[in-house]
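The values are calculated or read from the model by the stated rules, or taken from the named source; none is laboratory data. Here the structure is a predicted model, which is why all the values come from computation and not from measurement. Note: ideal-geometry Cβ built from the backbone for every residue, glycine included; neighbour counts use all protein chains shown. Ligands, DNA and RNA are excluded from the accessible area calculation, which covers all protein heavy atoms including side chains. Shrake-Rupley method; radii C 1.70, N 1.55, O 1.52, S 1.80 Å.
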There are 2 protein chains.
Amino acid sequence: MGKAADTRLIILQKAFELIYRNGYQATSIDVIIATTQVTKGAFYYHFKSKEEMGLAIIKEVMYPGMAAAMIEPLMDGTDVPGKIYRMMEGLLLDNPFFDVRYGCPAINLIEEMSPLSQSFKSALTQLVVRWQHAIEHVLTLAQQSGTIRPDLSPRQIALFVITGYGGVRNMGKVFGQNCYKDFLAELKRYLQKLA
Amino acid sequence: MGKAADTRLIILQKAFELIYRNGYQATSIDVIIATTQVTKGAFYYHFKSKEEMGLAIIKEVMYPGMAAAMIEPLMDGTDVPGKIYRMMEGLLLDNPFFDVRYGCPAINLIEEMSPLSQSFKSALTQLVVRWQHAIEHVLTLAQQSGTIRPDLSPRQIALFVITGYGGVRNMGKVFGQNCYKDFLAELKRYLQKLA
DNA sequence: GAAAAAACATACCACATAGTATCTTTATGG
DNA sequence: CCATAAAGATACTATGTGGTATGTTTTTTC
């Protein structure tokens, strides 16, 4: 990797962490360049505005990250409710980067920026839609192979799972880690009843 | 009501709306006093800081509001799953103040401020705990009267319902009103299976 | 190895921010 | 009706903000 591409990536990653912990609007360019040791000139050479940097974070940091944690775990294996459950468990309990106090970077950004910026909203909608479609897809396959009931709506179930995730990330901020366990227990019960 | 108490209330209500739409940190004192036509001197006579105003909004505007919309609908009647469902439906579809684009004021504030301020976190935890206890309470009663299964955990179910709410408010920001309907349909299915 | 472009550095600007100091007006109790 | 305190108005400050102008250094290209 060239040195220029390297500083660009440093900015994206550090800014991602700062925004994750403090919010997009509360993260100033000045603290980003302070923590990255990158000067303002370098910053504005790589990004023409703060918004452009924010969108790059979504597309270049969050898209790949969510694919790894939210979609790949659904790929192989046949026990669909089990796969969905373990994907959720992995997200909530095993991911070493996520902190219960700060929730989920994607959910945080949706919450803060969707109403304020159409560009952010579009990029974040993409992200959620991909996840929903992945869940919906494995549910449809399970329905075709007869492991979950045919009268259920995969799209509806996928949405329900996703809303549960978004909500428990929110509740975790006030209740702490304990509510992750309770949520997972009830999610498991819910998923088992799909059969 | 005295004139002084009146301006205090005006500030709380207008600031509540502004924060609901734009977030707490993005809502400046200057725009609050501009939209309320209250001078800065008057503002700082009633609140010693922005944080004190924020906490007053939670306690004096949000507590009563949530009691009316989230707890009272659970009070009378016997069909507990039905009451929980209608409470949720009322919140999502009937409440004329809430706007799908801006989500839920309480959820927004939890998302933004819980990690940043212990005072906000405490006040907001109170709010959520009260709701959870109210739901848990009616579920326990239903369990005692035998209308829902005895092996289920009311606390766990209450948390699951609340997380669903928080999540769908989040998803509404990207998906719009449609996902409210889908969520409600799946919630109804989930609640009926508690019997 | 020099010209050209890419990458970075520094100093600055206009504006917004929360909060304060100091004043004037309005209500209230005797 | 007057003294006193409550309520409100105005001007100001220190700091932070995103962004720019204008430089210097480093890398590429021929």
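Considering each of B:Gly41, B:Gly2 in turn, give the residue that is at pLDDT 95 or above and surrounded by fewer than 12 Cβ atoms within 10 Å (Cβ to Cβ).
On the way: B:Gly2 fails: at pLDDT 95 or above.
Of the residues listed, the single one that is at pLDDT 95 or above and surrounded by fewer than 12 Cβ atoms within 10 Å (Cβ to Cβ) is B:Gly41.
Quick check: is even one residue across segment A:110-126 surrounded by 20 or more Cβ atoms within 10 Å (Cβ to Cβ), more than 11 Å from every other protein chain (Cβ to nearest Cβ) and not polar (S, T, N, Q)?
The answer is no, given that none of the residues of segment A:110-126 is surrounded by 20 or more Cβ atoms within 10 Å (Cβ to Cβ), more than 11 Å from every other protein chain (Cβ to nearest Cβ) and not polar (S, T, N, Q).
B:Ala185 is checked against (1) open to solvent by 10 Å² or more (accessible area, probe 1.4 Å); (2) touching a residue at least 40 places away in the same chain (Cβ under 8 Å); (3) within 9 Å of chain A (Cβ to nearest Cβ) and fails just one. What number does that condition carry?
(2)
If you check B:Tyr102 against the conditions, is it under 13 Å from the mean Cα position of the chain (by Cα), away from DNA strand D (no atom under 16 Å from the Cβ) and of a type outside the set (Gly, Ala, Ser)?
Taking the combined requirement at face value, the residue satisfies it.
Under 21 Å from the mean Cα position of the chain (by Cα), surrounded by 14 or more Cβ atoms within 10 Å (Cβ to Cβ) and part of a helix (DSSP H, G or I): which single residue out of A:Pro81, A:Pro64 fits that description? Steps first, please.
Working: A:Pro64 fails: surrounded by 14 or more Cβ atoms within 10 Å (Cβ to Cβ).
The unique qualifying residue is A:Pro81.
For A:Phe97, work out the one condition from (1) among the aromatic types (Phe, Trp, Tyr); (2) open to solvent by 50 Å² or more (accessible area, probe 1.4 Å); (3) within 16 Å of DNA strand D (Cβ to nearest atom) it doesn't fulfil.
(3)
Which residues, taken from segment A:150-174, are open to solvent by 10 Å² or more (accessible area, probe 1.4 Å), part of a helix (DSSP H, G or I) and more than 8 Å from chain B (Cβ to nearest Cβ)?
Residue satisfying the conditions is A:Pro154 alone.
Find the residue count for segment A:1-59, including only residues that are among the hydroxyl-bearing types (Ser, Thr, Tyr), more than 10 Å from DNA strand D (Cβ to nearest atom) and within 14 Å of chain B (Cβ to nearest Cβ).
First, pick out the residues of segment A:1-59 that are among the hydroxyl-bearing types (Ser, Thr, Tyr): A:7, A:20, A:24, A:27-28, A:35-36, A:39, A:44-45, A:49.
Within this subset, residues satisfying the condition of being more than 10 Å from DNA strand D (Cβ to nearest atom) are A:7, A:20, A:35-36.
Add one more test, that the residue is within 14 Å of chain B (Cβ to nearest Cβ), and what stays is A:20.
Looking only at that region, the number is 1.
Inside segment B:8-57, counting only helices (runs of 4 or more DSSP H) that do not spill past its ends, which hold 3 or more residues that are more than 11 Å from DNA strand C (Cβ to nearest atom)?
Details: elements: B:29-36, B:40-46, B:50-57.
Of the helices (runs of 4 or more DSSP H) lying wholly inside segment B:8-57, those with at least 3 residues that are more than 11 Å from DNA strand C (Cβ to nearest atom) span B:50-57.
Looking at segment A:67-78, which of the residues that are free of Cβ contacts under 8 Å to residues at least 40 places away in the same chain and assigned to a helix (DSSP H, G or I) is farthest from DNA strand C (Cβ to nearest atom)? Before the answer, list the steps.
Of all residues in segment A:67-78, those free of Cβ contacts under 8 Å to residues at least 40 places away in the same chain come to A:68-69, A:72-73, A:75-77.
Among the residues that remain, those that are also assigned to a helix (DSSP H, G or I) are: A:68-69, A:72-73.
On the way: A:Ala68: 27, A:Ala69: 30, A:Glu72: 32, A:Pro73: 36 Å.
Result: A:Pro73.
Here are some conditions: (1) under 18 Å from A:Val128 (Cβ atoms); (2) at the interface with chain A (Cβ under 10 Å from one of its Cβ atoms); (3) among the polar types (S, T, N, Q). B:Gln177 meets all but one. Which one does it not meet?
Only one criterion in (1) under 18 Å from A:Val128 (Cβ atoms); (2) at the interface with chain A (Cβ under 10 Å from one of its Cβ atoms); (3) among the polar types (S, T, N, Q) is unmet by B:Gln177, namely (2).
All but one of (1) at pLDDT 95 or above; (2) open to solvent by 30 Å² or more (accessible area, probe 1.4 Å) hold for B:Ile11; which doesn't?
(2)
Considering (1) assigned to a helix (DSSP H, G or I); (2) more than 9 Å from chain B (Cβ to nearest Cβ); (3) of a type in the set (Ser, Thr, Tyr), say which one A:Thr147 fails and leave the rest.
For A:Thr147, the exception is condition (1).
Exactly one of (1) within 15 Å of DNA strand D (Cβ to nearest atom); (2) at pLDDT 95 or above is unmet by B:Ile71. Its number?
Evaluating B:Ile71 over (1) within 15 Å of DNA strand D (Cβ to nearest atom); (2) at pLDDT 95 or above leaves (1) as the failure.
Which members of segment B:77-93 meet the condition of being over 18 Å from B:Val161 (Cα atoms) and of a type outside the set (S, T, N, Q)? Outline the logic, then answer.
Going residue by residue through segment B:77-93, those that are over 18 Å from B:Val161 (Cα atoms) are B:77-78.
The one that is over 18 Å from B:Val161 (Cα atoms) and of a type outside the set (S, T, N, Q): B:Gly77.
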